[in-house]
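Participant: Let me begin by handing over the structure; questions about it come next.
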Amino acid sequence: MMNAHAQNVFSIEEIIARAKEQSIFSKQAETQRETSYWQYRSFRTNYNPQLRMNGNLPSYTNYVTPVRQPDGSLLYLPVNQINPNLNLGLQQPIAPTGGTISANTAYNFFNDYPSNERQWGGTIFNVQLTQPVFAYNPLKWDKKIRPVVFEESKRTFVEMQEAISRDAVSLFFDVLRQQVNEQVARFNLANNDTIYKIEQGRYNIGSTSLDKLLQVELQLLRSRQEVAQAQLELETARLQLRSYIGLKDGDDFSLTLPENIPDFALDVQDALSYAKLNRADYIAFERRRLEAESEVAQAKGQRYQTTFTASYGLNNVGNVVSDLYDNPSKQQIANISFNVPLVDWGRRRAMMETALANKKLRDYEIEQSRIIFEQEIITKVRQFEMMRLQIEITRKSDQVAQERYNVAQNRYLIGKIDITNLNIALTEKDQAKRAYLDALKSFWTAYYDLRRLTLYDFASKKLLYVPEE
């Protein structure tokens, strides 16, 4: 890409490249992609073992507490103790079942200052299994959904890049249109100035009327006003484009007309195939379906809440830490907790039916979105072919209108036509030029919109997004 110096001339490709590299929208897209990446990395860690340590160091208490005596009276005794503890555990989620298995070690120290009693207690080793039964398993569903979300975000980033290209093209042609308007206004001003001098000479020799001279003078004044207006609109359009692509305010530039349009065959079925293969929206259909199924599974899991817990370990007490390892005692725990509603007045059934109805609605919405998705591609492809024809027609019209104006100008100079017919030819010339520009803008905007909708470059025949292996 060329460096931006004063009076640089940029092509449409250079403007697009600058927009992708320097625009605030490209930076937002990069930030969103980075956020999605770290969210996915965070999700992956949910399935890895976690080593955790917690405790209270130190834990000191000093207060007076009432102690009930055998005869029922209260005796207020001072309490001055140190009771720190430390727990170390290795925890591993079980993704297929939603349970958790952990290995733990815990140490406690007790020191009572009035009695100077000291004691160590702790669990040398403990293995614990916690397993919900018939419950919703978020690890299982996240493992299905989150990779799809991440893949969707990567494709969305490429689509955002193509959307930036499309918006840059639109702003590019806004500047180009005003650039051409200013050139046309200056050309018309110079011509009208010449015509005014000719009419003035004719009026002086009596070959034209004052009415025609005043008409030409009015046309000259309008041309000066149009030049000033065109300059203002050109600067406004340049400011918008400069702001979008991140160009410095002091850097002046002009644009070249992209008349060499890419020539390639475009088939509706090919466009649909590439869109289904690459688009984030098509991935989103699967993600939305999985989310609906996840909500149904969650509603089912809330009907009965049962958890099985089992643990086995070794624990002990002693005056010093080494005593904990001297003939420790077994520690065994097994527990099944449950929460089953006996009468809930149909609450859980209503929740289940709501989830099923939402899934059915989501299925209809996904199918409708799929139809709209395909229709958008089909419409864009059909419009695209019409735009090629429109460019050829408007290009030829521009050439014909320019030639007609040249002929009309020569005929006016030799007195064969009046100023009204010359102005008609001038207006048609300007309209044809603008129509040609509008046709080019429609084509290039549609071209980059087609790239966004399919993530495929039909001109170079390459994928804009290639999934990682």
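Rule-based calculations on the coordinates, nothing more; no lab input. Given the structure is predicted, the values throughout are model-derived calculations rather than measurements. Glycine gets a Cβ as well: all are built from the backbone with ideal geometry, and neighbour counts include every protein chain shown.
Participant: Pairs of alpha-carbon atoms within less than 8 angstrom and 6+ residues apart define the contacts here; what relative contact order does the stretch 150-304 have, in percent?
Facilitator: Working: 79 pairs, mean separation 56.4, N = 155.
This gives 36 percent for the stretch 150-304.
Participant: Considering the dipole of the chain built from charges on the beta carbon (Lys and Arg +1, Asp and Glu -1) around the Cα centre, which of Leu437, Val79, Leu413 is farthest to its positive end?
Facilitator: In the chain, that residue is Val79.
Participant: Next question. Only one of the values [x] 39.6, 140; [y] 21.9, 78; [z] 26.3, 81 was calculated from this structure for Rg and Dmax of the Cα atoms in Å; name its label.
Facilitator: [x]
Participant: Under the rule a/c < 1.5 gives rounded, and otherwise a/b versus b/c splits prolate from oblate, where does the stretch 322-469 land using the Cα gyration tensor? Mind showing how you got there, number by number?
Facilitator: Values: a/c = 5.21, a/b = 3.09, b/c = 1.68.
Prolate, because a/c is 1.5 or more and a/b exceeds b/c.
Participant: For Leu221 paired with Ile198, estimate the spin-label separation in nm (one decimal), with each label point 7 Å from Cα along the Cα-to-Cβ line.
Facilitator: 2.3
Participant: Can you tell which of Ile336, Ile371, Leu426 lies farthest toward the positive end of the dipole of the stretch 329-426, using +1 and -1 charges on the Cβ of basic and acidic side chains (Lys, Arg; Asp, Glu)?
Facilitator: Farthest along the dipole direction, towards plus: Ile336.
Participant: Answer rounded, prolate or oblate for the stretch 229-309, using the Cα gyration tensor with square roots of eigenvalues a ≥ b ≥ c: rounded when a/c is under 1.5, else prolate when a/b is larger than b/c, else oblate.
Facilitator: Working: a/c = 5.09, a/b = 2.15, b/c = 2.37.
Note, shape of the stretch 229-309 comes out oblate.
Participant: May I pose another question? With charges set only on the Cβ (+1 for Lys and Arg, -1 for Asp and Glu), what does the dipole of the stretch 142-278 come to about its Cα centre, in debye to the nearest 20? Could you put the intermediate results ahead of the total?
Facilitator: Working: 17 positive and 22 negative charges, 36 e Å.
That gives the stretch 142-278 a dipole magnitude of about 180 debye.
Participant: Nearest 20 debye, what's the magnitude of the dipole of the stretch 348-457 about its Cα centre given +1 on Lys and Arg Cβ and -1 on Asp and Glu Cβ?
Facilitator: On the way: 20 positive and 16 negative charges, 42 e Å.
Computed charge dipole of the stretch 348-457: roughly 200 debye.
Participant: Hey, got the dipole for the stretch 194-275? About the Cα centre, +1 on K and R Cβ, -1 on D and E Cβ, debye to the nearest 20?
Facilitator: Using Cβ point charges on Lys, Arg, Asp and Glu, the stretch 194-275 gives about 600 debye.
Participant: Next question, about the same structure. Which residues among the stretch 366-381 fall inside the zone where the amide N is under 20 Å from a point 7 Å beyond the Cα of Asp267, along Cα→Cβ?
Facilitator: The answer is 374-381.
Participant: Turning to a different aspect of this structure: Helix 419-454: angle to the longest alpha-carbon principal axis of the chain, degrees 0 to 90, nearest 10?
Facilitator: 20
Participant: Hey, another quick one. First check a/c for the stretch 212-272, with a ≥ b ≥ c the square roots of the eigenvalues of its C-alpha gyration tensor; if it is under 1.5, answer rounded, and if not, answer prolate when a/b is larger than b/c or oblate otherwise. Walk me through the numbers before you get to the answer.
Facilitator: Values: a/c = 3.80, a/b = 1.67, b/c = 2.27.
The shape class here is oblate.
Participant: Now for a different question. Using Cα atoms only, what is the angle between the long axis of helix 268-278 and the major principal axis of the chain, expressed in degrees (0 to 90) to the nearest 10?
Facilitator: Tilt of helix 268-278: around 30 degrees.
Participant: What does the extension gain come out to for Asn62 and Glu117, with contour length at 0.36 nm per residue minus their alpha carbon separation? Display every interim value, and only then the final one.
Facilitator: Numbers: separation 55, 0.36 × 55 = 19.80 nm, distance 1.54 nm.
Net length gain for the segment: 18.3 nm.
Participant: For the stretch 69-83 and the stretch 84-112, compute the distance between their C-alpha centroids and round to whole Å.
Facilitator: For the stretch 69-83 versus the stretch 84-112, the Cα centre distance is 33 Å.
Participant: Treating the angle as unsigned and between 0 and 90°, give the value, to the nearest 10°, between the Cα long axis of helix 12-22 and the longest Cα principal axis of the chain.
Facilitator: Here the helix axis deviates by roughly 30 degrees.
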